[in-house]
Amino acid sequence: MAFTADNQHWLLSDKYGDVLVAPLASKQSDLVPEVLLGHCSSILTSISVPHDGALIASADRDQKVRVSRLPAGAGVMDGAPHIQSFCLGHTDAVTAVAFITHEGSTLLVSGSADGTLKLWDPSLGDLLDSLDLPAAGVAGAGTTPGTDDAGAATELGAGAASAGAPTDAVLGLVPLPGTNQVAVLVDARHAVLLASVDFGAHALSWRGAALDLAPLQPTDAAVDGAGRLWLAAGPSGGAGTGAALALAESGGRGLERVGLVGVEGLGAAAWSEMQGDVGGGPGKPRRLLAHLAKVPPSEEDVNFRKRQRRDLRGG
């Protein structure tokens, strides 16, 4: 979900490939979202709008990011968005996208189940840089020794399966206001990474050490009006702790935790019900993006579809 720059409309992407728009002034009973734009036959995973509100980036499961130019002003629900560019280069589902603005320049960062961050020129769709997620289990990689879910083989992130281990997927991207930094949440890891964008060199790099929240697993993040990063985190599979909100700030050594607030009444069972049980085990993080995996059809399904094809029926 995102909001237009004038805070007059909210934008929402759905699993049917559409971005919906509705005015914020509407009463809830009268709220009828309209389709703003769509991706053909794909699940939308993330949307983002820059501070100037001129563009909207929408990412999908089929490895692409579409950048569209929004109708100006109040006409966002009346005009048609124009395709500005396509950002093509990921090899698996694009799971997160975010505009980042610093000193008057705006670039686009995307994260994927192929285990990479990519930096784009949103106006042209040009790929400027690509950065691999640090390997699981190494210092600063965002995993707790002995807790990485190394056995979860899945089509999601299958690019690394041939190398002997599944690729970790980027779960979320949150630009930190007033900086050139982006907080990076990684699926099935206990920690949050911090990436830095060099606007002059058009390059990505990792900054400082990961912020480890073990045994909690961060699942979402947002920045408040003071520029502080809030992280929603819940217990990993089998952990007995409840959910919590973690407060972090960017320091000289990267992200640093400055507070942890438990969410009363939201224990492990309730958190599991909210997030869905998608794997994990005692001490192992859940893979929250497993629902994006493309499941190959069974031989029975393939044969059934063949029988339904008219061109194979022999007239």
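Every read-out reported here was derived from the displayed coordinates using simple, explicitly stated rules and does not represent laboratory data. Everything quoted here is computed from the prediction, not taken from an experiment. Every residue, glycine as well, gets a Cβ built from its backbone with ideal geometry; the counts of neighbours run over all protein chains shown.
Looking only at segment 33-52, which residues have a backbone nitrogen under 16 Å from a spot 7 Å from the Cα of R69 in the C-beta direction?
So the set is 50, 52.
Going by how many other beta carbons lie within 10 Å of each one, how would you line up V182, V94, V192, V174, fewest first? If you can, show how the numbers build up before the last one.
Values: V182 24, V94 30, V192 27, V174 21.
Lowest to highest Cβ neighbour count: V174, V182, V192, V94.
Work out, step by step, the length gained on full extension between F304 and V32: first 0.36 nm times the residue separation, then minus their alpha carbon distance; give nm to one decimal. If you can, show how the numbers build up before the last one.
Details: separation 272, 0.36 × 272 = 97.92 nm, distance 3.92 nm.
Computed gain between F304 and V32 is 94.0 nm.
Roughly speaking, what is the stretch gain from H102 to A222, that is 0.36 nm per residue apart minus the C-alpha to C-alpha distance, in nm to one decimal? Walk me through the numbers on the way to the answer.
Working: separation 120, 0.36 × 120 = 43.20 nm, distance 1.82 nm.
Value of the extension gain: 41.4 nm.
For a footprinting-style exposure proxy, rank T4, T45, T179, T95 by other Cβ within 10 Å, fewest first. The partial results should precede the final answer.
Numbers: T4 19, T45 24, T179 15, T95 28.
Taking fewest neighbouring Cβ atoms as first place, the list is T179, T4, T45, T95.
Could you line up F3, F199 from fewest to most neighbouring Cβ atoms inside 10 Å?
Details: F3 13, F199 17.
Ordered by Cβ neighbours within 10 Å, fewest first: F3, F199.
Summing +1 for each Lys or Arg and -1 for each Asp or Glu, what net charge is found among the other residues whose Cβ lies under 14 Å from the Cβ of A221?
Numbers: positive: R189, R228, R257; negative: D187, D220, D224, E249.
Computed value for this residue: -1.
List the residues whose amide H sits under 5 Å from the amide H of G38, counting only those 5 or more places along or on another chain, with H placed 1.01 Å from N in the peptide plane.
For G38, the qualifying residues are V19.
What distance in nm separates the two pseudo spin-label positions at I83 and L24, each 7 Å out from Cα along the beta-carbon direction?
3.1
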